[in-house]
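Structure first, then comments.
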Amino acid sequence: MLTSRTEGRNVASELARALDRNEIVPYYQPIVNLQTRRIEGFELLARWQHPIRQNIGPAEFIPAAEKLGLIGALTERLLRQACIDAANWPAHLRLSVNISPRQLHDSRLPKQISGILEQARFPFQRLTLEITESAVVDDIDLARLILGHLRSLGAHLALDDFGTGYSGLRHLQELPFDILKVDAIFVRTLCTKTESRKIVAAVMGLCQSLKLATIAEGIENDSQLEMLRCLGYGNGQGWLFGRPAPAAEAEALLKNGQSVVALNSVAQIAEQVALQLEAMPIQCLWQLKALYEGAPVGLAFLDRELRYLAVNERLAEMQGLPTAAFLGRAVADVFPEESKMSNRG
Ligand code: C2E
Ligand code: MG
Ligand code: MG
């Protein structure tokens, strides 16, 4: 405990110096279209090239930068460099940048970002801003204003790490997101845990109804890729396609014909089809609902006491009653004559 506190203090005291010495550098991880397997863009991930220590990850130094009020300066430097690096990519590729929820407290953020983009002549239309779900956005009205402004300039907005925080659904309701990134914890156990599969399928349903594009994080193997493709996920990222790497390696990946992922064996595909059957309840439910609502005959669901739980429009129409007139009532009440006849029969 004492050691980690001491280390924490060291990280904090060294961070300002590290920024001045350009030790914090951008790495890039490919984001891939899961259907075509083509690279759609890269996510910028900060790396600290410390002269002595090797293992200070962003999970450690980003919170320190937030606490010290250095996150704005850190983002600015990384974004400036990333715009220079992205100038070497094909023009349709996007750049995704993580924005700390703390930065949504500062109404100068859109001006700061547009200044950097203008100087580098990097179009807003190629920029995606990722905001993690795990932190609470304190002032949601200000956040909506800032994000709305950035979106009106052309940036896309992604809700990052979906499923790990307390307020993801609230953020989806309140803030103008275009993309949802489902967190790696669900993808990791997608092929081994039924619960993960159901959650990932349900999140897809949510994205379809809210018209959000999807990115699955942490894809490490072919089985996860195929499962996500079957569930309809659009884009993804993970070690299967490429680890975060310096700009030169990202460029090399693009030059080598982009990410190539081996095709699955027949046995793997058969296994995935079996898993898919289990993972499809949401789609089955929609099909059932469409059949029920569009059926040319009257259909109803009854409970054990023969009371109506649901009726379709056709049945209501046939009886000349609104659907609400059936709900909770016994069949004998709604059709006294017919029930007498069936009792006699
Ligand atoms: P994130 O934005 O959700 O980024 C994804 C993280 O998952 C990255 O960790 C990435 O290296 C890791 N990852 C990607 N694919 C795989 C995979 O297949 N398997 C596994 N096990 N991990 C994978 P990283 O680079 O350590 O970053 C951690 C977090 O730190 C990021 O999560 C982001 O929230 C934050 N972060 C990183 N760079 C920045 C930055 O420049 N600004 C801000 N505000 N936050 C940053
Ligand atoms: Mg991210
Ligand atoms: Mg994430």
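The values are calculated or read from the model by the stated rules, or taken from the named source; none is laboratory data. Since this is a predicted model, take the numbers as computed values, not measurements. With ideal geometry, Cβ positions are generated from the backbone for all residues, glycine too; neighbour counts draw on all protein chains shown. Remember, those area values only see protein heavy atoms, side chains included, never the ligands or the DNA or RNA. Shrake-Rupley method; radii C 1.70, N 1.55, O 1.52, S 1.80 Å.
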Requested in this report: At 0.36 nm per residue, minus the direct Cα-Cα distance, what do Ser134 and Glu313 gain on full extension? Give it in nm, one decimal, please.
Outcome: 60.1 nm
Query raised in the report: Rg to Rh ratio, the stretch 73-209, alpha-carbon atoms and Kirkwood radius?
Result: 1.00
Requested in this report: Only Lys, Arg, Asp and Glu count, each charged at its Cβ (+1, +1, -1, -1), so figure out the dipole size of the stretch 4-280 about its Cα centre, rounded to 20 debye.
Outcome: 360 debye
Query raised in the report: Looking at Gln319, Ala300, Pro336, which one has the Cα that reaches farthest to the positive end of the dipole of the stretch 297-344 (charges on Cβ: Lys, Arg +1; Asp, Glu -1)?
Result: Pro336
Report summary line: Rounded to a whole %, the carbon-and-sulfur portion of the accessible area of the stretch 4-280 at a 1.4 Å probe is 53 percent
Query raised in the report: By how many nm would the segment from Ala252 to Thr189 lengthen if fully extended, with 0.36 nm per residue of separation less the alpha-carbon distance?
Result: 19.6 nm
Query - Inter-label distance, nm, simple model (7 Å from Cα along the C-beta direction), Asn221/Ala324 - result: 5.3 nm
Report summary line: Note to self: with every protein chain in place and a 1.4 Å probe, the stretch 1-106 gives an accessible area per residue in Å² of 50 Å²
Requested in this report: Please give the per residue accessible area of the stretch 297-344, computed with a probe of 1.4 Å over protein heavy atoms only, in Å².
Outcome: 72 Å²
Query - Principal axis dimensions, largest first and in whole angstrom, of the stretch 4-280 by Cα - result: 55, 43, 41
Report summary line: Carbon plus sulfur, as percent of the 1.4 Å-probe accessible area of the stretch 297-344, comes to 55 percent
Report task. Could you order Arg126, Arg229 by accessible surface area, starting with the largest, using a probe radius of 1.4 Å? Result -> Arg229, Arg126
Query - For the stretch 49-152, average projected area of the Cα convex hull in nm² - result: 7.6 nm²
**Report entry** Heavy-atom surface of the stretch 111-204, accessible at 1.4 Å and reported per residue (Å²)
**Finding:** 46 Å²
